[in-house]
Structures are given as C-alpha cells and as structure tokens.
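Asks: For reference, the structure I am asking about is given below.
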Amino acid sequence: MAVQGSIRKAHGLEGRLLVLWSVALLALGLSLAAALGGLLLDGDASAPAASAADEAAAREQRIAFFEARAASDPIDFLSLNNLAAEYLQRARETGDVADYARAEQAASRSVEIIPVDNYAGLTLLASVRLVQHDFAAVEDLAQRALPLKPLGAAAYGLLGDAQIGLGRYDEAFENYDKMRGIDAGLPALSRLANHAFITGDRFDSIDLWKQSIAKSQGLPVENQAWAHVQLGVTYFAYGDYGAAAKEHERALKLFPDYVHALAGLAQMRAAQERYDEAIDLYARAVSKLPQPQYVAALGDTYAAVGRDAEAQQQYALVEAIAALYQANGVNTDLQIAMFYTDHDRNVAQALTMAQAAYEAGPGVYAADALAWALFKNDRYAEAATMSEVALAQGTQEASFLYHSALIRLANGNEDGAREYLRQVLDLNPNFSPLHAETARELFGGLEAKR
C-alpha cells in the first residue's frame, strides 16, 4: 500500500520534479558553446576588460559602433557579423531574449549579402539556429562553412552541437575532437565535457571542465564564470553538493550576481535542505533573469516548504515567460513540455510538445521528456520503450533514472523499478526537494516486499 500510495503521489497533482534544470543546462551548454565558437571573429580579438561591468560597457560601445556602420552601409557584412556575435554574448549576460532576434537578423542579412564565402556569417547564423533548437539547420550551415576554412574550429564545434541535438553522439565526438586538435581551448573542451557527461564518462566530464576553466583566461568574464557553473552542475549530478557549491561561489566571485551561479547555488542549498537560503537565491536570480526553469525551481522550492500559494504564483509565470522567449525565436518546447508534465498541467499538450521536440532532436533529454509525458498520459508500454532510449548512453541523470523507475513500476516490473531507484539514491539522493523523499519511500516499500 505504501508503494502504491507513493506512485499515486508522484503521478497525481502533487507530482512536481525539478528536471527543468537538466534540460535547461543542455540548452545552455549548447548555446554557450555556439556563442564561443563565433565569439571572436578573425582580426577582432581584443584584450578582456578588468571586470564584467567594464566588459558590458565596452560591449555597448562596440554594438553602437557597428550598428552605426551597418546602418550607413547596407552591404557591410563584416559589421553585421560583429553585431551578431555581440548580440549573442549580450543575450547571455543580460537575458534580453530580443538580442537573439537581433542576432538572427544581423547574421541572416550577412549571409544574404555574402551567401558563399562568409565563414563567420554562416557560423554565427548556425549559433542562432542552435538557440532555436533547429539542429538540421545548424548541421547544414556548419557543413557549408567547413570547406571555407578547414582549419577553423567553430564549424566543427557547431557540427558536433547539431549532432548532439540529433542524438548522433559518436559523430559529435569526432567533430569535437577535430575542434580540440585545432584549438584546445574552452569552446572545444566544454563541448567534450558535455559529451562525456551525456555518455556516462564521470571522470572526463569533471576533468574536461577543469581543463576548460584552466583555458578560459582571456575570454569574457561571463564565459569563465559559466565554466565554473557547469562544473558545479556536474558535481551536483554526481551528488557532490559541497564541491558543487564551491564552483558556484567561485563563479560569483568572478561575476557578482551571475544569474546562473545564483540559481546553481540555490539548487545546492535546496539539496542540503537549506530551503530559506535556496528561496532567497532563486528569488535573486529570477529578479535579474526570469528564465522559465528558474521560476519553476523557485516555485518548487516554495512548494517543498508548504508555501503553496507562492509556488502557484511562480508556476503561473512560467508560461508567460516561455511565450516571450518563443516570440523572440527561442525554442522552449522541451522545457515547457517538462514543466507541464512535472506539474500535471496540460499533460496532453505536453505530450504533443515532447513528441515534436523528439522528432526535431532525438537526443537523450528529448527522449526522457517524451518517456515522462507518455507515462503521465497513461501510455506505459510506449513510455518504457522511450525510457530505454533515454538511458541508452548511460547518462547519469537522477531524473532519468527516477522516471524510468516509475515507468517500470507502472508496467509491473518491480525488480527494474527497485534497481533504478537504488541507482537514484546512490547517485544523487537529494536530486529534487520534492521527490527525493518519494524515491526513498518507493525504494523502501519495494525492498520490504522482497
């Protein structure tokens, strides 16, 4: 009875799981890697400013300069390329999603002016398409760019990014490795670290992030802080909360009030059951950059401490924010499908969105989202099949394992469910402030039945 009650809790109206974080990090990791791939155009490298504030001020001056040049000369594709790169970086730093639309306009216009011999324009447009999760377009643009500059690292990285999104991990590794051979810096190493995590290589997923951090000097402060955040996220996935918190704190020293570090540290505090601190940190992050995943995480943390009215207020904001992102060309279908499914809102629509996301990019995160949506729509056999796809690379995501456990239990496979729950608790016992307890209850109940 305890097991069945826990299943009903996980499957019913209280079924809220913090998995948006993982999905968002995949998107964030790909977007950053793309931005870094085209960040410094040939002949345009400059010494970094002393602080994030100084860099932001210098960036505004460069944007104004290149906007004026582009306005005065309708065929100045070089200024358009520089604008696209600056808009992409500013979007990362400020969260102004309109900058993605600006970057798309600038890069598209550049490629219209010079459609063939325009390596920077093609790679920058590919970077925009990556943010939009149009992986087929990214692959096409990268393939067009490669012959123009065989020793250019960016196109190899973007081609690998497209293949990651399309679930072609062996091909992605080959292109990332080529990129590393050309320039073993943060853009290549960060991609390889992400690949190592997805394919279940714990040692390299940590070591490559450490190498990325060591190679980040000279890049914008935000990029350096981001690398620390990603190492922190990786430590969290493996249940090392102390090491994860230290990396987010290091990021905040580099870039004070860096949104992703605030949210990462909030996640650590929630895992450590320091909920008041987690709420304060999430609230700070959301006040600066109300991304859907952070708003949802704040709501989930409120819910964990019984502040349900405040949780519902945050949940109500998620869809409105997602609509703003969509209006500016940023694809959030996967994230919103997960939000709907986790919170038992519009589960039929969530399934439609998850199916579309998987068709466009059949990677492990999309497979997990589709498996979870199928489960919530009572399509248990199909959910089990898709869950196997999500787990096929050995990705050590506690949320994947938790989903798989409940799916197997719904299909009557108690032994499989028990094993996946054991893996969840061994890997990351406090993976969710709302569902870690449910995982423990389910596991305990199944163990008692043996």
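The values are calculated or read from the model by the stated rules, or taken from the named source; none is laboratory data. Small disclaimer: the values here were computed from a predicted structure and weren't measured. In this analysis, Cβ positions are derived from the backbone assuming ideal geometry, glycine residues included, and neighbour counts consider all displayed protein chains.
Asks: For Phe173, only one of the following conditions fails: (1) hydrophobic (A, V, I, L, M, F, W, C); (2) within 23 Å of Ala366 (Cα to Cα); (3) buried (at least 23 other Cβ atoms within 10 Å of the Cβ). What is its number?
Replies: Of everything listed in (1) hydrophobic (A, V, I, L, M, F, W, C); (2) within 23 Å of Ala366 (Cα to Cα); (3) buried (at least 23 other Cβ atoms within 10 Å of the Cβ), Phe173 misses just condition (3).
Asks: Please indicate, with yes or no, whether at least one residue in the stretch 358-378 is farther than 26 Å from Asp201 by Cα, touching a Leu at 6+ places or on another chain (Cβ under 7 Å), surrounded by fewer than 24 Cβ atoms within 10 Å (Cβ to Cβ) and without any contact (Cβ under 8 Å) to a residue 12 or more places away in the chain.
Replies: no
Asks: Next up: I'm trying to understand the selection: among the residues of the stretch 220-242, which are in a loop (DSSP other than H, G, I, E, B), more than 12 Å from Leu254 (Cα to Cα) and not aromatic (Phe, Trp, Tyr)?
Replies: First pass over the stretch 220-242, keeping only residues in a loop (DSSP other than H, G, I, E, B): 220, 238-240.
Filter once more, keeping what is more than 12 Å from Leu254 (Cα to Cα): 238-240.
The answer is Gly239, Asp240.
Asks: Hey, another quick one. Out of the residues in the stretch 332-357 that are touching a residue at least 24 places away in the same chain (Cβ under 8 Å) and β-branched (Val, Ile, Thr), which is nearest to Gly165 (Cα to Cα)?
Replies: Selected residue: Thr332.
Asks: Can you tell me which residue within the stretch 156-165, out of those that are free of Cβ contacts under 8 Å to residues at least 40 places away in the same chain and within 17 Å of Gly181 (Cα to Cα), is surrounded by the most Cβ atoms within 10 Å (Cβ to Cβ)? Full working, then the answer.
Replies: In the first step, residues of the stretch 156-165 are kept if they are free of Cβ contacts under 8 Å to residues at least 40 places away in the same chain; the result is 156, 159-160, 162-163.
From what is left, the residues that are within 17 Å of Gly181 (Cα to Cα) are 156, 159-160.
On the way: Tyr156: 28, Leu159: 27, Gly160: 32.
Across the stretch 156-165, the extreme among qualifying residues is Gly160.
Asks: To continue, here is another question. If I ask for residues that are in contact with a helix residue (DSSP H, G or I) (Cβ under 8 Å, 6 or more places away or on another chain), of a type in the set (D, E, K, R) and without any contact (Cβ under 8 Å) to a residue 60 or more places away in the chain, which ones from the stretch 420-449 would you list?
Replies: Selection gives Arg422, Arg440, Glu447.
Asks: Here's another thing I want to ask about it. Within the group Pro433, Pro429, which residue is under 20 Å from Ala271 (Cβ atoms), surrounded by fewer than 16 Cβ atoms within 10 Å (Cβ to Cβ), assigned by TED's automatic domain parsing to the domain that holds Tyr380 and not aliphatic (A, V, I, L, M)?
Replies: Values: Pro433 fails: surrounded by fewer than 16 Cβ atoms within 10 Å (Cβ to Cβ).
One residue alone meets the criteria, Pro429.
Asks: Return yes or no: is Arg144 basic (Lys, Arg) and more than 23 Å from Phe173 (Cβ to Cβ)?
Replies: Answer is no for this residue.
Asks: For Leu434, are the conditions met, namely being of a type in the set (A, V, I, L, M) and at pLDDT below 95?
Replies: yes
Asks: Looking at Gln163, Gln132 in this structure, which one is more than 22 Å from Arg109 (Cα to Cα) and in the same structural domain as Glu112 (by TED's automatic domain parsing)? It would help to see each step written out before you state the result.
Replies: Details: Gln132 fails: more than 22 Å from Arg109 (Cα to Cα).
Just one listed residue meets the conditions, Gln163.
Asks: Among the numbered criteria (1) buried (at least 24 other Cβ atoms within 10 Å of the Cβ); (2) of a type outside the set (D, E, K, R); (3) in contact (Cβ under 8 Å) with a residue 24 or more places away in the chain; (4) in the same structural domain as Leu289 (by TED's automatic domain parsing), which one does Phe197 miss?
Replies: That leaves (4) as the condition not met.
Asks: Select from the stretch 243-264 the residues that are out of contact with any Phe, Trp or Tyr (no Cβ under 8 Å at 6 or more places or on another chain), of a type in the set (Asp, Glu) and assigned to a helix (DSSP H, G or I) and list them in ascending order.
Replies: Scanning the stretch 243-264 gives a single hit, Glu249.
Asks: Next up: For Gly152, state whether it is in the same structural domain as Gln105 (by TED's automatic domain parsing) and within 15 Å of Thr199 (Cα to Cα).
Replies: Values: in the same structural domain as Gln105 (by TED's automatic domain parsing): yes; within 15 Å of Thr199 (Cα to Cα): no.
Spelling it out, it is not the case that Gly152 is in the same structural domain as Gln105 (by TED's automatic domain parsing) and within 15 Å of Thr199 (Cα to Cα).
Asks: Return the pair list, or none, for Cβ contacts closer than 8 Å from residues in the stretch 124-150 that are touching a residue at least 12 places away in the same chain (Cβ under 8 Å) to residues that are in a helix (DSSP H, G or I) and among the β-branched types (Val, Ile, Thr), at least 6 apart or on different chains.
Replies: Listed pairs, sorted by first residue: Leu125/Val111; Ala126/Val138; Arg129/Val138; Leu130/Val138; Leu141/Thr123; Ala142/Thr123; Ala145/Thr123.
Asks: Count, please, the residues in the stretch 110-120 that happen to be in contact with a Gly (Cβ under 9 Å, 6 or more places away or on another chain) and either basic (Lys, Arg) or buried (at least 17 other Cβ atoms within 10 Å of the Cβ) (or both).
Replies: Residues meeting the conditions: 5.
Asks: Just one of (1) touching a Gly at 6+ places or on another chain (Cβ under 9 Å); (2) over 22 Å from Arg422 (Cβ atoms); (3) surrounded by fewer than 24 Cβ atoms within 10 Å (Cβ to Cβ); (4) modelled with pLDDT of 95 or more trips up Gln396, so point out which.
Replies: Evaluating Gln396 over (1) touching a Gly at 6+ places or on another chain (Cβ under 9 Å); (2) over 22 Å from Arg422 (Cβ atoms); (3) surrounded by fewer than 24 Cβ atoms within 10 Å (Cβ to Cβ); (4) modelled with pLDDT of 95 or more leaves (2) as the failure.
Asks: So is Glu388 within 24 Å of Thr199 (Cβ to Cβ) and charged (D, E, K, R) or not?
Replies: Numbers: within 24 Å of Thr199 (Cβ to Cβ): yes; charged (D, E, K, R): yes.
Spelling it out, Glu388 is indeed within 24 Å of Thr199 (Cβ to Cβ) and charged (D, E, K, R).
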